[in-house]
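The values are calculated or read from the model by the stated rules, or taken from the named source; none is laboratory data. Just so we're clear, the structure is a prediction, and the values are computed from it rather than from any experiment. FYI the Cβ positions are ideal-geometry reconstructions off the backbone, even for glycines, and counts take in every protein chain you see.
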Amino acid sequence: MPERIIVPFGPQHPVLPEPIHLDLVLEDETVVEAVPSIGYIHRGLERLIEKREYTEYVYVAERICGICSFMHALCYSQGIEEIMKIEVPDRAHYLRTIWSECSRLHSHLLWLGLFADSMGFENLFMRSWQLRESVLDVLEDTTGGRVIQGTCKVGGVRRDIGAEKLAEMHRALDPFEAQCRDLGDVFLNDETVKYRLQGLGVISKDEAYALGAAGPTARGSGVAMDHRETGYAAYGDLGFKPVVETAGDCYARCAVRVKEVYASIDLIRRAISEMPEGSLDVKVKGAPDGEYFSRVEQPRGEVVHYLRGNGTKHLARARIRTPTLANIPPLVKMLPGAQLADVPVVVLSIDPCISCTER
Amino acid sequence: MGIFQMTKTVLRNLAGGPATRQYPAVPARTGPLTRGHVVFDPATCRSCSLCSKRCPCEAIRLDKEAKVWEIDRMRCIACGDCVESCPFGSLAMEPEYFSPVVEHVVERYTITYVKPEKPAKKPADESAGA
């Protein structure tokens, strides 16, 4: 029996955008066990809810994550709106959907770039980030912020997108989709990419479900679970079918994200053409009294904001469960059997967002 | 061929020129809505203190007695809540990002607003009611 050695992976590692630590138990070059540890960037944002008024906390919720910031604000606002029984206008729902999907687009393009970088495909990495920049430009033009949008608030949205800008976005979608499809073809059809990804980090449908995988990690294994199907914001009107792959390996998870990019573009196109007229927000009065379990589908999976109010301006408790936390147990299951050189690719395939996880 | 999927894009990019810009020699791209930094006009402020109450990161401090308004640029997250809440239009958002600094700076302004004799109660009412 070969000798076992432990190789530390992270928290500082070239492929990791954020700090997570894994102790890899190796036999020769093969991983036999992975022991994760987190807790490097805890910021105490849940506790901060006792110090900030519930309307101000939207800004804090947005800063939980730098990538899916809009969806954290959306999830938090939806929770407060449910507790206070606030009816949000239709136009606000549609605008929230457009900004959510733009966030998903830029998150997936960022991930595709990082993933290409993790397998050493620098050219593809730069091309992905080049495309991502055009999404960020749209977000900056419509909201005022590239990654922290700051447009979602309790009771609606803070900004409108004018008809002219909507038409311009609609016109830009076709060439953008063509460019994304060129990029997606490289990920899906290139032999070198396939050779590197297929059969790597496999997790079966039952295991993914039992370990509580979320988002593209679950859908890559054939678990058709996407919270957008429940029809929050404008997804109920637009109709949505989750993207599912069945192989359960790194290639399948990559394929899910590539196809979700196309699905997001389609959702934005339909949201723009069906955009209703009307007001942007309703006036919020009083203080939340009650509790709600708010859920939203983020690029990495389902995020949960549990909020409990006690009738004052300050909430009593917030609990935020982010998708990366749910995806760490499947990751630990994926790693055994992989070569040490493949570990970065497998770790990135769950799209780890550690700032989210540790809040 | 399966391994030359990227070639088309590579050739197009070769002819297309660089996608990045030489920042800071070339300024960053901003739009009219870009939240760069907050500017304050001390002449119109009536020290109602709504901005300091609404600020989610306690970057704005107001001393009503001394008529001093302060902003800590390192705490400010440029969310724009103060700009929206100011009833007198004393605050505005400029699209340019605040230039980098090497030490902690608190910008201090003296409020020059003088309360008119008549109607004397109006500013106080507005600040209390808003």
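Before moving on, here are some points about what is shown:
- Restricting segment A:135-171 to residues that are under 22 Å from A:PHE115 (Cβ atoms) and away from chain B (no Cβ under 11 Å) leaves a set whose member that is surrounded by the most Cβ atoms within 10 Å (Cβ to Cβ) is A:VAL135.
- Residue within segment A:76-94 that is over 25 Å from A:GLU177 (Cα atoms), modelled with pLDDT of 90 or more and within 13 Å of the chain's Cα centre (by Cα) present: no
- Evaluated against (1) more than 10 Å from chain B (Cβ to nearest Cβ); (2) part of a loop (DSSP other than H, G, I, E, B); (3) within 22 Å of the chain's Cα centre (by Cα), A:ARG132 falls short on exactly one condition, (2).
- Just one of the listed residues (A:ASP182, A:ASP237, A:ASP174) is of a type in the set (Asp, Glu), within 14 Å of chain B (Cβ to nearest Cβ) and more than 20 Å from A:GLY337 (Cα to Cα), namely A:ASP182.
- Subset tally (residues that are in a strand (DSSP E or B) and in contact (Cβ under 8 Å) with a residue 60 or more places away in the chain) for segment A:307-343: 7
- Subset of segment A:59-78 [in a loop (DSSP other than H, G, I, E, B) and buried (at least 24 other Cβ atoms within 10 Å of the Cβ)]: A:ILE64, A:CYS65, A:CYS68
- In the set (1) under 30 Å from A:VAL345 (Cα atoms); (2) within 14 Å of another protein chain (Cβ to nearest Cβ); (3) in contact with a strand residue (DSSP E or B) (Cβ under 7 Å, 6 or more places away or on another chain), A:ARG43 fails one condition alone, (3).
- Residue list for segment A:188-222, filter: surrounded by fewer than 23 Cβ atoms within 10 Å (Cβ to Cβ), within 14 Å of chain B (Cβ to nearest Cβ) and touching a residue at least 12 places away in the same chain (Cβ under 8 Å): A:LEU188, A:THR192, A:LYS194, A:ARG196, A:GLN198
- The residues of segment B:1-47 that are surrounded by 14 or more Cβ atoms within 10 Å (Cβ to Cβ), without any contact (Cβ under 8 Å) to a residue 12 or more places away in the chain and among the hydroxyl-bearing types (Ser, Thr, Tyr) amount to a single one, B:THR9.
- Scanning segment A:26-58 for residues that are surrounded by fewer than 17 Cβ atoms within 10 Å (Cβ to Cβ), farther than 30 Å from A:LYS153 by Cβ and aliphatic (A, V, I, L, M) turns up A:VAL32, A:VAL35.
- Screening segment A:1-25 for residues that are among the acidic types (Asp, Glu) and over 21 Å from A:ILE64 (Cβ atoms) and picking the one that is surrounded by the most Cβ atoms within 10 Å (Cβ to Cβ) gives A:ASP23.
- Residues located in segment B:75-116, provided they are within 14 Å of another protein chain (Cβ to nearest Cβ) and not in a loop (DSSP other than H, G, I, E, B): B:ASP81, B:CYS82, B:VAL83, B:GLU84, B:SER85, B:ALA92, B:MET93, B:GLU94
- A:PRO242 fulfils the conditions (1) in contact (Cβ under 8 Å) with a residue 40 or more places away in the chain; (2) part of a loop (DSSP other than H, G, I, E, B); (3) farther than 30 Å from A:LEU340 by Cβ except for a single criterion, (1).
- Restricting segment B:59-103 to residues that are of a type in the set (S, T, N, Q) and either at pLDDT 85 or above or crowded, with 16+ Cβ neighbours inside 10 Å (or both), the residue that is farthest from A:TYR57 (Cα to Cα): B:SER90
- In segment A:80-102, the count of residues that are without any contact (Cβ under 8 Å) to a residue 40 or more places away in the chain and on the phi < 0 side of the Ramachandran plot is zero.
- Number of the exception - A:ALA116 against (1) within 14 Å of chain B (Cβ to nearest Cβ); (2) closer than 24 Å to B:GLY31 by Cβ; (3) buried (at least 24 other Cβ atoms within 10 Å of the Cβ): (2)
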